[in-house]
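S.K.: Please read through the structure below; I'll follow up with questions.
The values are calculated or read from the model by the stated rules, or taken from the named source; none is laboratory data. From a predicted model like this one, the values you see are computed outputs, not experimental measurements. Please note: Cβ atoms are built from the backbone with ideal geometry, for glycine as well, and neighbour counts cover all protein chains shown. Just so you know, the surface numbers come from the protein's heavy atoms only, side chains and all, with ligands and any DNA or RNA stripped out. Shrake-Rupley method; radii C 1.70, N 1.55, O 1.52, S 1.80 Å.
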Amino acid sequence: MTRSWALSGDLGRSWILVACALAALGLALLAVELWRGQKRGRAALWVALSGALATLGLLLAVLRPVAVLSRGSLVGPRVVVLVDGSRSVDLPGLDGTRRDSEKRALAELDKRAGEVRSARLWFGEGAPVPFAGSGGTSASADGRREGQSTSAAAPPGGPRPLSRSDLGAALEWVARASDERPSALVVLSDGRLDRPGDTGVAEQTRAALAGLNVPVHTVGLASAAPRDASIRAVRAAGAAVAHQPLSLRIEIGCEGGLSCDALQVAARELREDGPPVAVASGTAQASGGAATVELSMTLDRAGTRILEIEIDTPSGDEVPDNNKRYLTIDVARDRVRLLHVAGRPTYDVRALRMWLKADASVDLVAFFILRTQDDQVRATQSELSLIPFPVDELFLKHLPSFDAVILQDFDARPYELEKYLDELASYVDRGGGLIMVGGDDSFGRGHYAGTPVAKALPVELDRDPAASGTDLAVFTPRVTAAGRAAPVLGPLRALLGDQLPEMSGSNVVGDARPGSTVLLEHPGRNAPSGAPMPVLALGEYGSGRTIALTVDGSHRLLFSAFAASAAGRAHGAFWDGLLGWLMRDPRYEPAVVEVMGGCIAGEETTLALHPAPGTEGEAKVKVTRLGSAQVVREVKAALRPGDAGTPVQIGKLEPGGYAATVEIGDGDRKGPTTRRDFACERGGDEWADSRPDVARLEAIAAATGGKYVVAGDAGSLPLPPATQVAAERHVSPIAPPWLWTLVGAAFLGGHWIVRRRSGLD
């Protein structure tokens, strides 16, 4: 219940204004009269006082005030509270972390809950997200709370921390919302915002509000930077190309009075197994608060590479996690650089060499051995070619510069390659590719059994010469279930279906190694396990890939009566698929693996699998830690059709580099694996710069007529007053009209008497 006063309802507004104007005119004339009559002292004072009372009495007799008694409830204005949900609020703040300051500010706003109806939203990426169980609050006429407090329903730790602080998107969403317009906005943040940017804050804020003319109050969660040295940003100058110099620009910050003289900066590449390999280093002088270091490096391997960038941790650093950053670089190839070594110039060797040389995207280095041990020449074993075979230079110095090595019908023993097979296996383990093509001097006949290279191949080799020779029986390779599903053979099968030309024999090999995939098999010969002997098998070895093709008749896809049906195009389709898979071309991968939202250490990580069209079944995901090859997660997931892909939860990971290997299918339909390397770091970009931006929050408030306060003073914000919604309204005169007239006449008479006694007419 509230009591108020009003004027008589039988007078229009214009008449009320006329009455007030006449009263003011009367008082003005009285003042002029006293001034011209040169009346001073007590007499003049009494005349002025009685004249004012007479004028007021007459005015009240005309206006006749009434008392208004209202019964109803108070409805508070709608206030939208936007709460920063980014990871930066977990950094040190005013007292504890900035998230602690956020909770303190919400508690202060709760004390005003009886005055306003608040809607509380987390902002960060895209549209803001309501607090769980969020609802408005209101107050009744006697001040009691009605409804539920929104902060009580908020999750204790807030939402899953977000990687952005896009206040601009939140303001745009509020301005476009179709529900009730807010009377004010309150923003809780540390000022580290993606939008509005650090320049033109006022213009960006008003543009985001799009005509919504309400004050935006800002509440700061931190006022000063913590003691922190950090890597604020790592940027690559241009695209990363294998075998070409790459420049990294590293921005380093130093705040809070830390001593940051001569900080050592190191860049390392994470490998499948073993410690990181140093690729560049430098020194930063960040004592002035910031420094920039340029590091130059050359990456030998194409594909996804994980770089670890680290600075020394100064004494007293409060946020050491941002001293180490991880950079995922997709290293491209200017041209695919291949080393093709063949033991003799056969039709198959010639066909493959012609196809490789005709491809402008391939940089081919080929060696054909044209002389054998039986030739009567005055030459050493290492010189049985038209020019001396540079085995030492190729496999000791230049091997890392090649993307893949093709060994075709090549015997390792007479050409002194045996002593470099360990180096060749290590090359594959570090990410290189290897194809071994069949022939009289290949596989077991080429003295590869029992060597490190044999362990890298996707098929077993027997040391027994009798069990590792050649089978000269003519046969037609058979496409396996995995071969029909694998994109590697997709271009070939699009031309020929499952039909393949006859082959005049094959090298004898053992079973496929665990984890390998057999795409073609022998229809009449079995491996030691009883399974059909592999003819074409794909495998992974460390960070690299290997292919075993046990026949030397792929040229029949190019020039033969069988090849005529496809105009010889089947040969190129076959080898394009094999080399594409070896080089991790997405067209030939069974699936594309995406890390949704990036990987932040200590938070749930989700992978999205996008299988090749037509792929069905179950996916097995194995996550290993780079550097130790330790398997940290093994997950299975049923593939889902559609563009959104199949989400796979792999849990919380520690900082570092990881490799996710995906295998689709099971049993005979198990296809080749695909792999995605990624890195996890603590806090991500939101922790890279720990400085709060108070000036930006103040500018946002000033641009909209709002106010900036710190978290502890959030309860003092000037929020709009509540509005009373009346249910009953009673109007009663304060006094009857005759009484107002009598009072006015009495005051007028008193004024006349005072005038006469003072000598005024």
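S.K.: Output yes when any residue across the range 611-621 is of a type outside the set (Ser, Thr, Tyr), at pLDDT 90 or above, part of a strand (DSSP E or B) and at negative phi, and no when none is.
M.R.: Looking for residues that are of a type outside the set (Ser, Thr, Tyr), at pLDDT 90 or above, part of a strand (DSSP E or B) and at negative phi, one finds at least one in the range 611-621, hence yes.
S.K.: For the range 107-127, give me each residue that is of a type in the set (A, V, I, L, M, F, W, C) and farther than 23 Å from ALA169 by Cα. Don't jump to the end; show me each part of the working.
M.R.: Residues of the range 107-127 that are of a type in the set (A, V, I, L, M, F, W, C), as a first pass: 107, 109, 113, 116, 119, 121-123, 127.
Listed by number, the residues that qualify are ALA107, LEU109, ALA113, VAL116.
S.K.: Next question. Within the bounds of the range 55-75, is there any residue that is more than 30 Å from PRO736 (Cβ to Cβ) and either modelled with pLDDT of 85 or more or not in a strand (DSSP E or B) (or both)?
M.R.: No, there is no match, as no residue in the range 55-75 is more than 30 Å from PRO736 (Cβ to Cβ) and either modelled with pLDDT of 85 or more or not in a strand (DSSP E or B) (or both).
S.K.: In addition: Would you tally the residues in the range 327-363 being closer than 26 Å to ALA240 by Cβ and either charged (D, E, K, R) or open to solvent by 40 Å² or more (accessible area, probe 1.4 Å) (or both)?
M.R.: 11
S.K.: Taking the criterion of being buried (at least 21 other Cβ atoms within 10 Å of the Cβ) and not in a loop (DSSP other than H, G, I, E, B), would at least one residue in the range 233-245 satisfy it?
M.R.: No, there is no match, as no residue in the range 233-245 is buried (at least 21 other Cβ atoms within 10 Å of the Cβ) and not in a loop (DSSP other than H, G, I, E, B).
S.K.: Within the range 501-518, track down each residue that is open to solvent by less than 20 Å² (accessible area, probe 1.4 Å), farther than 14 Å from ALA454 by Cα and among the polar types (S, T, N, Q).
M.R.: Of everything in the range 501-518, those that are open to solvent by less than 20 Å² (accessible area, probe 1.4 Å), farther than 14 Å from ALA454 by Cα and among the polar types (S, T, N, Q) turn out to be SER506, ASN507, THR517.
S.K.: Could you list all residues from the range 215-224 that are surrounded by fewer than 21 Cβ atoms within 10 Å (Cβ to Cβ) and of a type outside the set (Ser, Thr, Tyr)?
M.R.: PRO215, ALA224
S.K.: Okay, next question. Say whether the condition of being over 24 Å from ARG625 (Cα atoms), in a loop (DSSP other than H, G, I, E, B) and either modelled with pLDDT of 85 or more or open to solvent by less than 70 Å² (accessible area, probe 1.4 Å) (or both) is met by at least one residue in the range 294-308.
M.R.: no
S.K.: Also, I was wondering about something else. With the checklist (1) crowded, with 21+ Cβ neighbours inside 10 Å; (2) in contact with a helix residue (DSSP H, G or I) (Cβ under 7 Å, 6 or more places away or on another chain) in hand, flag the one item PRO414 doesn't pass.
M.R.: The one condition PRO414 does not meet is (1).
S.K.: Anything in the range 465-487 that is surrounded by fewer than 18 Cβ atoms within 10 Å (Cβ to Cβ) and assigned to a helix (DSSP H, G or I)? List them, or say none.
M.R.: PRO465, ALA466, ALA467, ALA481, ARG484, listed by residue number.
S.K.: Can you name every residue in the range 574-603 that is farther than 24 Å from ASP330 by Cα and either open to solvent by 20 Å² or more (accessible area, probe 1.4 Å) or without any contact (Cβ under 8 Å) to a residue 24 or more places away in the chain (or both)?
M.R.: Those that are farther than 24 Å from ASP330 by Cα and either open to solvent by 20 Å² or more (accessible area, probe 1.4 Å) or without any contact (Cβ under 8 Å) to a residue 24 or more places away in the chain (or both): GLY602, GLU603.
S.K.: Hey, can you tell me all the residues within the range 666-698 that are part of a helix (DSSP H, G or I) and closer than 30 Å to THR97 by Cβ?
M.R.: GLY684, ASP685, GLU686, TRP687, VAL694, ALA695, ARG696, LEU697, GLU698
S.K.: Scan the range 252-267 and give yes if some residue there is of a type in the set (D, E, K, R), at negative phi, crowded, with 17+ Cβ neighbours inside 10 Å and touching a Leu at 6+ places or on another chain (Cβ under 9 Å), otherwise no.
M.R.: Checking the range 252-267: not a single residue is of a type in the set (D, E, K, R), at negative phi, crowded, with 17+ Cβ neighbours inside 10 Å and touching a Leu at 6+ places or on another chain (Cβ under 9 Å).
S.K.: Looking only at residues in the range 129-140 that are open to solvent by 10 Å² or more (accessible area, probe 1.4 Å) and in contact with a helix residue (DSSP H, G or I) (Cβ under 8 Å, 6 or more places away or on another chain), which one is modelled with the highest pLDDT?
M.R.: Once the filter is applied, the top-ranked residue is ALA132.
S.K.: Moving to a separate point now. Give ALA286, ALA266, ALA290 a once-over and let me know the one that is under 16 Å from SER247 (Cα atoms) and among the small types (Gly, Ala, Ser).
M.R.: ALA266
S.K.: Does at least one position in the range 640-650 carry a residue that is within 22 Å of GLY539 (Cβ to Cβ), at pLDDT below 90 and open to solvent by less than 30 Å² (accessible area, probe 1.4 Å)?
M.R.: no
S.K.: Taking the range 542-573, which residues are under 30 Å from ASP422 (Cα atoms) and open to solvent by 10 Å² or more (accessible area, probe 1.4 Å)?
M.R.: Correct list: GLY542, SER543, ASP552.
S.K.: Additional query: Any residue in the range 435-447 that is of a type in the set (S, T, N, Q) and open to solvent by 10 Å² or more (accessible area, probe 1.4 Å)?
M.R.: Narrowing the range 435-447 to residues of a type in the set (S, T, N, Q): 442.
In the following step, the residues that additionally are open to solvent by 10 Å² or more (accessible area, probe 1.4 Å) were identified as none.
No, the range 435-447 contains no residue that is of a type in the set (S, T, N, Q) and open to solvent by 10 Å² or more (accessible area, probe 1.4 Å).
S.K.: For the range 519-538, give me each residue that is in a strand (DSSP E or B) and open to solvent by less than 60 Å² (accessible area, probe 1.4 Å).
M.R.: Answer for the range 519-538, where residues must be in a strand (DSSP E or B) and open to solvent by less than 60 Å² (accessible area, probe 1.4 Å): LEU519, LEU520, GLU521, HIS522, PRO532, MET533, PRO534, VAL535, LEU536, ALA537, LEU538.
Yes or no, residue by residue, for (1) modelled with pLDDT of 80 or more; (2) of a type in the set (Lys, Arg); (3) closer than 30 Å to THR723 by Cα; (4) surrounded by 13 or more Cβ atoms within 10 Å (Cβ to Cβ):
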site	(1), (2), (3), (4)
TRP5	no, no, yes, no
GLY9	no, no, yes, no
LEU29	yes, no, no, no
VAL32	no, no, no, no
SER50	yes, no, no, yes
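S.K.: Next question, about the same structure. Test ALA688 against the criterion of being modelled with pLDDT of 90 or more, open to solvent by less than 40 Å² (accessible area, probe 1.4 Å) and closer than 30 Å to CYS254 by Cα, and give yes or no.
M.R.: yes
S.K.: On to the next question. Considering each of ARG227, ARG195, ARG235 in turn, give the residue that is closer than 30 Å to SER296 by Cα, in contact with a strand residue (DSSP E or B) (Cβ under 6 Å, 6 or more places away or on another chain) and either without any contact (Cβ under 8 Å) to a residue 12 or more places away in the chain or charged (D, E, K, R) (or both).
M.R.: ARG235
S.K.: Can you confirm whether the range 395-409 contains a residue that is at pLDDT 90 or above, touching a Gly at 6+ places or on another chain (Cβ under 8 Å), farther than 30 Å from ALA236 by Cα and part of a loop (DSSP other than H, G, I, E, B)?
M.R.: So far as the range 395-409 goes, yes, one or more of its residues are at pLDDT 90 or above, touching a Gly at 6+ places or on another chain (Cβ under 8 Å), farther than 30 Å from ALA236 by Cα and part of a loop (DSSP other than H, G, I, E, B).
S.K.: Which one is farthest from SER50 (Cα to Cα) among residues in the range 11-27 that are open to solvent by less than 50 Å² (accessible area, probe 1.4 Å) and assigned to a helix (DSSP H, G or I)?
M.R.: If we take residues in the range 11-27 being open to solvent by less than 50 Å² (accessible area, probe 1.4 Å) and assigned to a helix (DSSP H, G or I), then ILE16 is farthest from SER50 (Cα to Cα).
S.K.: Which residues, counting only those in the range 445-464, are outside any loop (DSSP other than H, G, I, E, B), touching a residue at least 60 places away in the same chain (Cβ under 8 Å) and more than 20 Å from PRO345 (Cα to Cα)?
M.R.: LYS455, ALA456, VAL459
S.K.: Here's something else I'd like to know. May I ask you to say which residue of ARG640, ARG633 is among the basic types (Lys, Arg), free of Cβ contacts under 8 Å to residues at least 40 places away in the same chain and part of a loop (DSSP other than H, G, I, E, B)? Write out each step before concluding.
M.R.: Working: ARG633 fails: part of a loop (DSSP other than H, G, I, E, B).
Just one listed residue meets the conditions, ARG640.
S.K.: Residues in the range 246-260 that are touching a strand residue (DSSP E or B) at 6+ places or on another chain (Cβ under 7 Å), closer than 15 Å to PRO314 by Cβ and either assigned to a strand (DSSP E or B) or of a type in the set (Ser, Thr, Tyr) (or both): how many?
M.R.: Selection size over the range 246-260: 4.
S.K.: Could you please find all residues in the range 276-305 being in contact (Cβ under 8 Å) with a residue 60 or more places away in the chain and at positive phi?
M.R.: Correct list: GLY303 only.
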